Amino acid sequence: MKKLKIIHTCSSIFMKKKYFLISLFIFLIAILPSIGRAETAAELQAKIDNQNKTLDALNAEIAQYQQQLTVIGNDKNTLNNAIKTLVIEAKKLSTDIKISEAKISATNAKLDLLGSTIVNTSDSIDNLKIALGKSLREMDAEDRSAADGFVAIRNFSDVWRYAQEQNAFRSGIQQKADQLAETKKVLIEKKSEVEVTKKKLVTLTTQLKDQHTLTIQTEAQKNVLLKNTKNSEKLYQKTLAEKIALKNQMESDLRSYESKLKYVLNPKLLPPPGSSPLAWPVDHVVITQLFGRTVDAQRLYTSGTHNGVDFGVSVGTPVKAMADGIVVGSGNTDLSCPHASYGMWLFIKYDNGLSSLYGHLSLIKATNGMRVSAGDVVAYSGMTGYATGPHLHLTIIAADAGSIQSFPSKACSGRTYTAPVAALNAYLDPMLYLPNNH
């Protein structure tokens with residue numbers, strides 16, 4: 001009779017555990033799909049979707065502007081086309097700002113959504129721990145009350161079944177707890193990724209605020225163009241011819257100075273050609289003129305050679321450092337001889353034995369002596385100096401050969417010309433050190 005009572009007690013314990021096991025599994029299964037289901041999740045997702053649609057429309061608008069600029073760039077250099085270019089550049093810069101704002105709005109919505117999800121997941125895990133702790137304490141109490149009864153049982157089949165159910169119970173609890181912990185880990189990682197993205201977008205916002213400044217500059221440039229030419233094509237062509245003459249004289253002055261510099265190129269101090277030690281200076285690569293004695297170089301330069309590579313980019317395009325290095329200097333040749341040379345320029349010496357000279361910039365962000373890393377935005381492209389259209393000029397010089405020098409120039413009527421210079425054999429073909437495809 002006593003044995004039957006003990007068995008009945010154990011059976012009752014088994015039933016309690018069985019019902020608790022089923023109830024807890026139902027709770028866990030129910031809670032998992034709802035993790036991260038914030039109250040405003042649908043609204044946040046709708047906001048993200050709307051911003052993405054806006055971005056698609058704005059990017060299509062940018063593509064149209066870029067196509068128009070390409071068509072104008074291929075046409076004859078006339079006053080009408082010059083004005084058209086400035087008008088389109090201003091519209092494109094304005095659209096770039098809208099794109100940044102839309103991206104930041106979408107990213108903020110993603111952060112809100114993930115933040116709410118992580119809070120809910122953390123609360124679920126905390127509640128689960130409390131529930132498990134309480135249940136396990138109750139189980140231990142029941143186990144102790146039944147322990148004496150098990151000692152008296154000669155048939156251990158009931159004990160074995162009890163042990164199996166206990167192991168299954170503990171294994172199930174641990175599995176679900178691990179799933180919740182892993183979910184929280186993944187969500188935290190996602191939030192971290194989005195926060196990194198947000199920092200990038202905040203940086204982009206700063207860049208586009210700079211481009212808003214460039215929009216004002218572009219409008220001012222258009223007004224100056226109309227004022228100086230009095231909207232006369234004949235006067236514009238005369239001014240253009242004067243700029244070409246200045247550019248040719250400036251190039252001759254610079255080449256004469258550099259031809260006197262002596263330099264022995266040591267290949268051991270340079271990275272191997274083809275090893276791609278430099279990153280592209282702009283995100284969207286369109287090369288409009290290559291290095292050396294190209295057909296265009298023979299037509300455009302008195303020396304018949306081009307000392308760098310030109311990239312077809314619109315005004316306000318972010319220009320990036322191509323490797324880790326130090327900003328050696330910057331300047332603006334337009335201050336001494338307008339529209340005759342590089343215009344606004346930036347010179348960076350990299351740790352890998354190469355240096356880069358950027359020309360025709362519209363705004364310089366990096367400062368002298370600044371340490372930069374590959375991919376850092378250091379300036380914005382433009383059309384300062386001698387440039388019949390917006391583009392980025394890139395020159396690569398052996399790092400131990402280039403330096404910033406000042407010397408009198410005939411083109412500038414005795415004014416001092418200051419810019420990076422190097423012996424002629426120190427100029428290197430950028431394509432040898434840039435990525436193999438684009």
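The values are calculated or read from the model by the stated rules, or taken from the named source; none is laboratory data. Please read all numbers here as calculations on a predicted model, not as lab measurements. Ideal geometry is used to build each Cβ from the backbone, glycine not excepted, and the neighbour counts take in all protein chains shown.
Quick one: is Tyr358 within 13 Å of Gly329 (Cα to Cα), touching a residue at least 60 places away in the same chain (Cβ under 8 Å) and either crowded, with 17+ Cβ neighbours inside 10 Å or touching a His at 6+ places or on another chain (Cβ under 7 Å) (or both)?
yes
I need the full set of residues from segment 366-423 which are among the small types (Gly, Ala, Ser), under 23 Å from Pro338 (Cα atoms) and outside any loop (DSSP other than H, G, I, E, B), in order please. Walk me through how you get there before you give the answer.
Step one: of segment 366-423, the residues among the small types (Gly, Ala, Ser) are 366, 369, 373-375, 379, 381-382, 385, 387, 389, 398-399, 401-403, 406, 409, 411, 413-414, 419, 422-423.
The next check asks that each one be under 23 Å from Pro338 (Cα atoms); those that pass are 366, 379, 381-382, 385, 387, 389, 403, 406, 409, 411, 413-414, 419, 422.
Residues satisfying the conditions are Ala379, Ser381, Gly382, Ser403, Ser406, Ala419.
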*asked:* Looking at (1) at pLDDT below 50; (2) surrounded by 16 or more Cβ atoms within 10 Å (Cβ to Cβ), which one does Tyr19 not meet, given that it meets all the others?
replied: (2)
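Condition check ((1) crowded, with 17+ Cβ neighbours inside 10 Å; (2) more than 39 Å from the chain's Cα centre (by Cα)) across all residues:
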position	(1), (2)
Gln237	no, yes
Glu242	no, yes
Lys247	yes, no
Ser252	no, yes
Leu261	no, yes
Asn266	no, no
Leu269	no, no
Gly274	no, no
Pro277	yes, no
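Can you tell me how many residues in segment 338-364 are charged (D, E, K, R) and either part of a strand (DSSP E or B) or touching a Leu at 6+ places or on another chain (Cβ under 9 Å) (or both)?
Kept after step one, since they are charged (D, E, K, R), are these residues of segment 338-364: 349, 351.
Of the ones still in play, those that are also either part of a strand (DSSP E or B) or touching a Leu at 6+ places or on another chain (Cβ under 9 Å) (or both) are 349.
The qualifying residues number 1.
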_Residue that is surrounded by the most Cβ atoms within 10 Å (Cβ to Cβ) [pool: residues in segment 48-95 that are modelled with pLDDT of 85 or more and charged (D, E, K, R)]_ = Glu89
*Those residues that are surrounded by 23 or more Cβ atoms within 10 Å (Cβ to Cβ), under 21 Å from the mean Cα position of the chain (by Cα) and farther than 17 Å from Gln217 by Cβ, I need them from segment 363-393; list them, please.*
Val378
_Neighbours by Cβ (under 6 Å, 6+ apart or cross-chain): first from segment 175-197, within 14 Å of Thr117 (Cα to Cα); second part of a helix (DSSP H, G or I) and not aliphatic (A, V, I, L, M)_ = Thr183/Thr121; Lys184/Thr121; Leu187/Thr117; Leu187/Thr121; Val194/Lys110
*asked:* One residue is enough: does segment 216-236 have a residue meeting the conditions outside any helix (DSSP H, G or I), free of Cβ contacts under 8 Å to residues at least 40 places away in the same chain and not assigned by TED's automatic domain parsing to the domain that holds Lys84?
replied: yes
*Look through Lys238, Lys230, Lys209, Lys185 and report the one residue that is on the phi > 0 side of the Ramachandran plot and not polar (S, T, N, Q).*
Lys230
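Against the condition among the hydrophobic types (A, V, I, L, M, F, W, C), crowded, with 18+ Cβ neighbours inside 10 Å, outside any strand (DSSP E or B) and modelled with pLDDT of 90 or more, how does Ala323 come out, does it pass?
On the way: among the hydrophobic types (A, V, I, L, M, F, W, C): yes; crowded, with 18+ Cβ neighbours inside 10 Å: yes; outside any strand (DSSP E or B): yes; modelled with pLDDT of 90 or more: yes.
For Ala323, the condition - among the hydrophobic types (A, V, I, L, M, F, W, C), crowded, with 18+ Cβ neighbours inside 10 Å, outside any strand (DSSP E or B) and modelled with pLDDT of 90 or more - is met.
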*For residues in segment 339-355 being touching a helix residue (DSSP H, G or I) at 6+ places or on another chain (Cβ under 8 Å) and not aromatic (Phe, Trp, Tyr), which is surrounded by the fewest Cβ atoms within 10 Å (Cβ to Cβ)?*
Gly353
